[in-house]
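Structure first, then comments.
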Amino acid sequence: MKSTPWWREAVIYQIYPRSFYDSNGDGEGDLAGITSHLEYVRDLGVDAIWLSPFYTSPNKDGGYDVADPRDVDPRYGDLEDAKALIKRAHELELRVLADIVPNHFSDQHEWFKAALKSGRGSSERSRFHFYDAKPDGTPPNNWVSLFGGAAWTQVSDGQFYLHLFDSSQPDLNWENPEVNADFETTLRFWLDLGIDGFRIDVAHGLVKENIHVNHPDPEGLSDALRLDVEMDTDARNALLESVPYFDRQGVHEIYRKWRTLFDSYGARDVMAVAEAWVHPPVNATRYVRADELHQVFNFDLLTAPFHSGYLFEVINRSNQLNATVNALPTWALSNHDSPRVASRLGALESQALALFVFALPGSAYIFAGQELGLPDGELQDSDRQDPSFIRSKGAIKGRDGARVPLPWSGNSTPFGFTVGTPWLPINQSWQPLSVESQSRDSKSLLNLYRSAMALRTEHLTGAGEIEWLESPLHGSLREGLLVFKRGSVTIVMNLSEQILEVDYSGQVILQSAGDLENCDGKHIVPARSTVWILN
Ligand code: NOJ
């Protein structure tokens with residue numbers, strides 16, 4: 001039985017529109033291509049799709065540089081295509097989440113063009129963060145872009161504007177009420193078209209401290225420690241805590257207002273999930289307090305090693321922290337910004353981890369292609385388009401590897417994705433990974449995901465908390481083994497290199513590797529695999 005509301009334990013399938021399916025042969029995926037393949041998504045057994053941006057955009061940052069948030073970019077189709085997609089999804093009982101990008105616009109947005117024309121001190125410039133140079137002519141402060149280089153770009157009259165990402169993505173000034181008013185118009189626009197909720201990009205970034213737009217004063221712009229894309233996790237976390245442009249208290253006021261707007265749609269059960277890279281982890285729970293958003297991404301598993309102690313810690317912590325605000329966690333192993341899990345951990349490990357997290361309480365996110373076990377694409381530097389690759393002059397390879405289009409069918413690349421030339425090359429070695437190849441093979445990863453979704457719905461959704469049976473909490477911990485019971489299912493993950501024998505009673509209903517084995521009431525759990533045992 002499904003829990004209510006619909007999103008609380010939903011499985012949400014992330015589609016990167018440019019890479020899903022190309023319906024018109026231009027080499028890039030589009031909305032009509034998604035619509036024509038929604039049955040595939042429905043058959044996976046997920047509850048909703050999340051569409052990465054498809055709005056009008058010069059596409060300097062994969063569409064996260066939005067020039068018109070209330071229209072569709074011609075590369076993806078038009079508003080009629082968006083309506084048709086939503087309609088078809090609803091017919092198939094799939095909810096649709098759109099991506100909303102409130103931290104910045106594209107420099108091609110009409111507001112920014114007007115700001116450039118209007119000059120210093122104008123109301124047009126006050127929608128962004130424009131400041132004069134320091135007396136020595138350098139940028140107002142030392143903030144750096146997350147894509148590398150300075151976070152400030154100078155315009156022809158000498159002022160600088162702030163961009164935490166690419167120079168083509170000027171940050172919006174949320175102290176200006178016009179900004180929120182415009183975003184509320186955008187939220188309503190898509191909700192009125194039938195969208196069921198939103199993924200909020202850089203949800204923690206909207207409010208900047210020490211920026212006083214009505215009193216521009218370079219002295220007031222404090223320097224910050226440099227948050228660098230290439231830092232290791234610990235160094236990055238330490239800075240995430242302190243930089244004056246992330247996770248400031250003011251962002252929560254914005255989400256309280258948005259929550260009122262969402263709730264005004266009543267029984268539609270509109271939901272929103274925050275992309276908020278914050279530290280310490282307890283701060284993430286502030287985004288999902290009862291009067292704010294519904295979910296916040298938990299990014300722990302995007303970087304976690306395949307290690308029992310580490311996984312136990314982050315899973316347990318997320319369960320416990322969310323419980324303090326009566327929320328449930330979210331789990332994601334891959335997304336369009338991170339190396340794909342099959343490349344990061346390995347094929348067996350990623351399958352084991354997927355079955356483990358699909359059994360946990362909360363919502364699971366699947367990045368399209370994860371169900372096929374796609375690794376990162378093998379790209380030449382000449383293929384790369386990510387602004388972090390371009391801005392770092394190649395020092396950072398960037399995120400294109402995770403964004404290579406999906407292989408659908410046939411024996412040669414581009415495997416039915418397009419009749420043209422795909423915007424990123426699809427390696428010929430992906431033939432056995434295509435949807436067609438895997439649909440024919442009852443033991444494929446695709447079929448494992450389908451079974452997992454069906455069994456999750458049948459036995460686990462709404463089944464409440466987990467009870468750890470073997471974990472670092474127990475003296476009985478065996479090296480490399482994590483076991484929990486949830487509802488009527490015992491989930492066993494063997495992270496070790498050895499076959500393990502466990503004696504939890506019941507019937508094995510799902511196994512990430514090897515054949516279902518049951519010898520004299522004892523279950524054999526192959527190395528680096530997970531089994532679900534129905535008690
Ligand atoms: C997070 C998005 O997921 C990423 O793709 C984008 O580059 C940045 N936010 C900036 O919008």
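The values are calculated or read from the model by the stated rules, or taken from the named source; none is laboratory data. Not measured: the values here are computed from a predicted model. Reconstructed Cβ throughout: ideal geometry from the backbone, glycine too, with neighbour counts over all protein chains shown.
Values computed for the structure shown
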read-out	value
Matching option when the condition is without any contact (Cβ under 8 Å) to a residue 40 or more places away in the chain and touching an Asp or Glu at 6+ places or on another chain (Cβ under 6 Å), among Arg340, Arg259	Arg259
Output for region 163-184, where each listed residue is assigned to a loop (DSSP other than H, G, I, E, B) and either within 13 Å of the ligand (Cβ to nearest atom) or at pLDDT 95 or above (or both)	His163, Leu164, Phe165, Asp166, Ser167, Ser168, Gln169, Pro170, Asn173, Trp174, Asn176
Residue identified as modelled with pLDDT of 95 or more and within 16 Å of the ligand (Cβ to nearest atom) among Leu191, Leu116, Leu206, Leu187	Leu206
Residues located in region 387-405, provided they are modelled with pLDDT of 95 or more and within 16 Å of the ligand (Cβ to nearest atom)	Arg399, Asp400, Gly401, Ala402, Arg403, Val404
Conditions (1) on the phi > 0 side of the Ramachandran plot; (2) within 16 Å of the ligand (Cβ to nearest atom); (3) not aromatic (Phe, Trp, Tyr); number of the one not met by Leu302	(1)
Residue that is nearest to the chain's Cα centre (by Cα), among those in region 18-51 that are among the polar types (S, T, N, Q) and surrounded by fewer than 24 Cβ atoms within 10 Å (Cβ to Cβ)	Thr35
Candidate set from region 68-93 (those that are under 16 Å from Trp190 (Cα atoms) and hydrophobic (A, V, I, L, M, F, W, C)); member that is farthest from the ligand (Cβ to nearest atom)	Ala84
Any chance Asn326 is closer than 26 Å to Gly462 by Cβ and either within 16 Å of the ligand (Cβ to nearest atom) or surrounded by fewer than 21 Cβ atoms within 10 Å (Cβ to Cβ) (or both)	yes
Per-region count, region 329-352, residues under 21 Å from Val273 (Cβ atoms) and either away from the ligand (no atom under 16 Å from the Cβ) or assigned to a loop (DSSP other than H, G, I, E, B) (or both)	10
Hits in region 306-318 - residues which are of a type outside the set (Gly, Ala, Ser) and under 19 Å from the mean Cα position of the chain (by Cα)	Val314, Ile315
